[in-house]
Amino acid sequence: MASQPGAALRFFILISGLRAGLLQQGRSSSLHGSSENFALPDPFYEQLQSSAERQNLETENVTVVEGEVATISCRVKNNDDSVIQLLNPNRQTIYFRDFRPLKDARFQLVNFSSNELRVSLTNVSINDEGRYFCQLYTDPPQEAYTTITVLIPPNNLVIDVQKDTYVEGEEVEMNCTAMASKPAAVIRWFKGNHEIEGSKTEVEAVDNKMFRVRSQISITVLREDDEVPFVCMVDHPAVKDLETRQYIEVQYKPVVMVSVNYPQGLTREGEALELVCRVVGKPRPEKVFWQRVDYDLPDNIIIEEDKLYISSLNKTDNGTYRCEASNIVGSSSADYTLFVYDASATTEPAVHDTRAGEESPLGVDHAVIGGVVAVVVFAMLCLLIILGRYFARHKGTYFTHEAKGADDAADADTAIINAEGGQNNCEEKKEYFI
């Protein structure tokens, strides 16, 4: 088997020498001005020329991730058994036909035929990157090249943060570094599932065509950010879904809410009342503090941790009850305004404001509001009636001729005479003065 490649090589050298001699003969005849040698060209040389015109050498570029396998293919269209050769970037022969002169076992023959030479390169490294040449020994020889591009994913992805615990409202600075990749990685930030915009990125070139990328974000943390992952994600053609996460603890002052366990509805005299103080905070307050604003707590009140209980309500219990909680960050409170109704009351309950940390207004009795509205409506109706009667009485005044006669008379007798004269003219139209 070893003699076959040697024989093929000797055959190739012999053919190459013959072609060179033919070319030299043609050039010599041209220099001497003779045309006889070209009138009847050598049949073998003519066949080589037509063969080169018919054949077409093709290849394509290869992109591969470091450590994987790259496959180089030299393809020939309409080959007439011409020799195919593959060379590395240093112009060293990797394969001559199906023979491998280069002593690198990572190169393996995948396919060899008259139309294709296909070679695989295993465990590709950055040093294997470059231009590889396919050669076809026709006359003239043909050559095509393929470029192997090696991708190197980031070998490490790290998030740096100053500390793990923050107080709500503080500014957090995070840095994410992608080490030694080719090409440079693109870093994106997420808070949970929402992408964070406005990051600052630095790209630094390192040895052997690789890059180190560093991205930084600065955000003001809120209580909603507690235990929410901050994700540093890499976009790179050599790797998918490469990310790292950082969790931080956010401390915040308590959020306080007061609610009524019972009764559901009006708080009447003689009934029981139970208030519950619900608190959320980090760190969580160990206990809550109950008080009645501006007054002491009634003697009949029972307090058990976050609950306030009154067994039998009376109107002396009226007032604003406040629940207060605190931790190392701060304190907050919520108010409940109690209004005790008569035992027989049936109106709807007063509206209570239990907003944390704000003073709640007193409850407003709906019956009182209804009475005020009724008085206002009644007063308006009375006013409309008086105005109607006034305008009805002053609609207008009219005068007849008799009245005019009385007005012009000097005494009563004359007025009567004038009036009687007016009666004689009853056919005359009366004049009206408004």
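The values are calculated or read from the model by the stated rules, or taken from the named source; none is laboratory data. Here the structure is a predicted model, which is why all the values come from computation and not from measurement. Glycine gets a Cβ as well: all are built from the backbone with ideal geometry, and neighbour counts include every protein chain shown. Side chains included, ligands, DNA and RNA excluded: accessible areas come from the protein's heavy atoms. Shrake-Rupley method; radii C 1.70, N 1.55, O 1.52, S 1.80 Å.
You will find that of Tyr252, Tyr295, the residue that is in contact (Cβ under 8 Å) with a residue 40 or more places away in the chain and either among the aromatic types (Phe, Trp, Tyr) or loosely packed, with under 15 Cβ neighbours inside 10 Å (or both) is Tyr252 and no other. Take the conditions open to solvent by 40 Å² or more (accessible area, probe 1.4 Å), hydrophobic (A, V, I, L, M, F, W, C) and within 30 Å of Val150 (Cβ to Cβ) and apply them to Met257. Does it pass? Taking the combined requirement at face value, the residue does not satisfy it.
If the condition is being aromatic (Phe, Trp, Tyr) and assigned to a loop (DSSP other than H, G, I, E, B), then segment 286-339 contributes only Phe339. Entry remark, segment 236-249: residues being of a type in the set (Asp, Glu) and open to solvent by less than 60 Å² (accessible area, probe 1.4 Å) number 1 in total. Answer yes or no as to whether Asn115 is closer than 29 Å to Ala184 by Cα, open to solvent by 20 Å² or more (accessible area, probe 1.4 Å) and free of Cβ contacts under 8 Å to residues at least 60 places away in the same chain. No, not satisfied.
The residue that is farthest from Asp335 (Cα to Cα), among those in segment 254-274 that are touching a Phe, Trp or Tyr at 6+ places or on another chain (Cβ under 6 Å) and part of a strand (DSSP E or B), is Arg268. Restricting segment 151-198 to residues that are within 18 Å of His236 (Cα to Cα) and not in a strand (DSSP E or B) leaves a set whose member that is most open to solvent (accessible area, probe 1.4 Å) is Asn155. Within segment 199-221, the residues that satisfy the criterion of being hydrophobic (A, V, I, L, M, F, W, C), within 30 Å of Val250 (Cβ to Cβ) and either touching a Phe, Trp or Tyr at 6+ places or on another chain (Cβ under 8 Å) or touching a residue at least 60 places away in the same chain (Cβ under 8 Å) (or both) are Ile217, Val221. The condition (being farther than 30 Å from Tyr166 by Cα, over 35 Å from the mean Cα position of the chain (by Cα) and without any contact (Cβ under 8 Å) to a residue 40 or more places away in the chain) is satisfied by just one residue among Thr337, Thr320: Thr337. When you go through (1) β-branched (Val, Ile, Thr); (2) open to solvent by 20 Å² or more (accessible area, probe 1.4 Å); (3) not in a strand (DSSP E or B) one by one for Thr138, which number turns out not to apply? Unmet for Thr138, out of (1) β-branched (Val, Ile, Thr); (2) open to solvent by 20 Å² or more (accessible area, probe 1.4 Å); (3) not in a strand (DSSP E or B): (2).
Considered as a group, the residues in segment 66-102 that are part of a strand (DSSP E or B) and open to solvent by 30 Å² or more (accessible area, probe 1.4 Å) include one that is nearest to Asn155 (Cα to Cα), and that residue is Thr71. Scanning segment 302-333 for residues that are surrounded by fewer than 17 Cβ atoms within 10 Å (Cβ to Cβ), small (Gly, Ala, Ser) and more than 19 Å from Glu271 (Cβ to Cβ) yields Gly330, Ser331. Taking segment 364-378, which residues are at pLDDT below 75 and open to solvent by less than 60 Å² (accessible area, probe 1.4 Å)? If the condition is that a residue be at pLDDT below 75 and open to solvent by less than 60 Å² (accessible area, probe 1.4 Å), then Asp365, Ala367, Gly370 are the ones that fit.
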